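Below you'll find the structure, written out as C-alpha cells, and then a few comments.
The values are calculated or read from the model by the stated rules, or taken from the named source; none is laboratory data. In this text, all values refer to a predicted model and were calculated from it rather than measured experimentally. Glycine also receives a Cβ, built like all others from the backbone with ideal geometry; neighbour counts cover every protein chain displayed.
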Amino acid sequence: MRTEQHRWYSQRLGRDLGLVVYGHWGPPLLMFPTSGGDEWEMQNMGLIPAIADFIEAGKVKVFSVNINAKDSFYNKGAHPMHRSWMQRMYDEYLRQEVVPFIWSHCQSQTIGIATAGMSLGAYYAANAVFKYPDVFKRCYAISGVYDMKRFMDGVHDENFYYNNPVDYLANLSDPWHYAHYASCDIRIVTGTGPYENPEASYQLAAVLRARNIPHALDDWGAQGGHDWPYWKNMMREYLGRW
C-alpha cells in the first residue's frame, strides 16, 4: 500500500503536526485519532490494515491526521480560555492548512471530504462537518462525546461555544448551513457494547433532530463497543456502502 508521511510547522498551533496518506487514489477520508493517539494510530491499532482492500481498490484514500488535544481541552495546566483558543487554532489549522493539502493531493479543489473518528476523534470528525458542510460531505462520528464542558472548569467563552457542537447547533438558524447539510451524510454511531457511552450520541442526535438537521443515529447495539475490534468492523461496513 502506498504510504506517505507529511509534516509541517503551523504558525497557528505554534508547532508541527504530522499527517499520513494511505493509497494512490479515491475519495478522501480524513481520520482523527483518539485522545492518546497521533497520525499513526489508525495503522498501529490495525484499522488501516482492516480496510486495506478498500484503499488498494481505490474506493478511498485515507488522510490520517494528528490532533492538539494536549494543547487544548486536555491541557489542565493552562487557563480554560487558553484551551478554547487552542481549539479554535486547531479548527483554523484544519480548514486553512489540512483541507488545502487534501485538495492538492487529490488534484481537485471541489472534491468532498469525508471525516471519521472514534472516541475523542469522533468529536473532531463531527465538529468539522457541522462547521464546514460545504467542504466535508460525509461523517462517521463513532463512540464520541460532543459536549466538551467538562474540560473547561466551568469557564465558557466564544471560542469554546463555536467549537462545542451541542451548544452552537442548538441555536443554529443560518440558511447557508442548512442548505449544505442537505447534501451531507452525517452518521452518529454508538452501541451498547463494553465501555460504550451511548448517552452522548443520543444527546447530540436530539439536538440535531430538534433543529431539523439531517443525520442518522446508528445504534449497533451489542456490536457497538468502545474498542478497536468494534470500530474496525464498523468502518468496513460503512466503506462497503460507498
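Checked across the stretch 159-168, the condition of being out of contact with any helix residue (DSSP H, G or I) (no Cβ under 7 Å at 6 or more places or on another chain) and under 25 Å from PRO27 (Cβ atoms) holds for no residue. Taking the stretch 140-154 as the range and being under 21 Å from SER84 (Cα atoms) and of a type in the set (Phe, Trp, Tyr) as the test, the residues that pass are TYR146, PHE151. All conditions in (1) at pLDDT 95 or above; (2) on the phi < 0 side of the Ramachandran plot hold for SER143, with the sole exception of (2).
Contact annotation: no residue pair with Cβ atoms under 6 Å, 6 or more positions apart or on different chains, pairs a residue in the stretch 220-238 that is surrounded by fewer than 22 Cβ atoms within 10 Å (Cβ to Cβ) with a partner that is at pLDDT below 95 and of a type in the set (Lys, Arg). In this entry, ALA52 passes the filter for residues that are under 24 Å from ARG241 (Cα atoms), at pLDDT 95 or above and not acidic (Asp, Glu). Considering ASP185, ASP157, the condition of being of a type in the set (Asp, Glu), at pLDDT 95 or above and within 18 Å of TYR90 (Cβ to Cβ) is satisfied by ASP157 alone.
Among the conditions (1) touching a residue at least 40 places away in the same chain (Cβ under 8 Å); (2) surrounded by fewer than 20 Cβ atoms within 10 Å (Cβ to Cβ); (3) under 22 Å from PHE130 (Cβ atoms), the only one that ALA216 does not satisfy is (1). Among residues of the stretch 12-29 that are in contact (Cβ under 8 Å) with a residue 40 or more places away in the chain, those with a beta-carbon under 6 Å from a residue that is of a type in the set (Asp, Glu) and not in a strand (DSSP E or B) at least six positions away or on a different chain give the pairs ARG12/GLU92; GLY18/GLU39; LEU19/GLU39; VAL20/GLU39. Within the set SER119, SER183, the sole residue that is out of contact with any helix residue (DSSP H, G or I) (no Cβ under 6 Å at 6 or more places or on another chain) and exposed (fewer than 15 other Cβ atoms within 10 Å of the Cβ) turns out to be SER183.
Residues that are touching an Asp or Glu at 6+ places or on another chain (Cβ under 8 Å) and not hydrophobic (A, V, I, L, M, F, W, C): list the strands (runs of 3 or more DSSP E) wholly contained in the stretch 18-121 that include at least 1 such residues.
Those strands (runs of 3 or more DSSP E) span 61-65.
Give me a count of the residues in the stretch 90-116 that are surrounded by fewer than 19 Cβ atoms within 10 Å (Cβ to Cβ), in contact (Cβ under 8 Å) with a residue 60 or more places away in the chain, over 17 Å from ILE67 (Cα atoms) and of a type in the set (A, V, I, L, M, F, W, C). Residues meeting the conditions: 2. The set of residues in the stretch 221-238 that are out of contact with any strand residue (DSSP E or B) (no Cβ under 7 Å at 6 or more places or on another chain) and either among the acidic types (Asp, Glu) or more than 16 Å from CYS139 (Cα to Cα) (or both) comprises GLY221, ALA222, GLN223, GLY225, HIS226, ASP227, TRP228, PRO229, TYR230, ASN233, GLU237. Screening TYR178 with (1) more than 20 Å from the chain's Cα centre (by Cα); (2) more than 23 Å from GLY121 (Cβ to Cβ) gives one miss only, at (1).
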